[in-house]
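In what follows, a structure is listed as structure tokens, so that the remarks can point back to it.
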Amino acid sequence: GDSFTAAFTSALLTGATVTEAHRLAVDVSAFVCTCHGAMPVLPDELKSRLK
């Protein structure tokens with residue numbers, strides 16, 4: 001939930017549409033769910049979409 005909320009909010013605050021923000025949040029949270037540990041390193045492709 002935290003990664004979804006953070007990605008969604010970040011995307012909205014940087015001008016993404018709700019649809020774009022939702023897609024990014026789903027992608028980020030899906031990636032985080034596949035990782036072990038509390039703070040996975042995001043792939044460059046996801047990092048670039050967060051800016």
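The values are calculated or read from the model by the stated rules, or taken from the named source; none is laboratory data. Note that the structure is a prediction, hence the values are computed from the model and not measured. Positions of Cβ are generated from backbone atoms using ideal geometry, with glycine treated the same way; all protein chains shown enter the neighbour counts.
Is it true that A16 is assigned to a loop (DSSP other than H, G, I, E, B) and modelled with pLDDT of 95 or more? Taking the combined requirement at face value, the residue satisfies it. Consider F31 carefully, then state whether it is buried (at least 16 other Cβ atoms within 10 Å of the Cβ), in contact with a His (Cβ under 9 Å, 6 or more places away or on another chain), without any contact (Cβ under 8 Å) to a residue 40 or more places away in the chain and assigned to a helix (DSSP H, G or I). No, not satisfied. Scanning the stretch 16-49 for residues that are in contact with an Asp or Glu (Cβ under 8 Å, 6 or more places away or on another chain) and among the aliphatic types (A, V, I, L, M) yields a single hit, L46.
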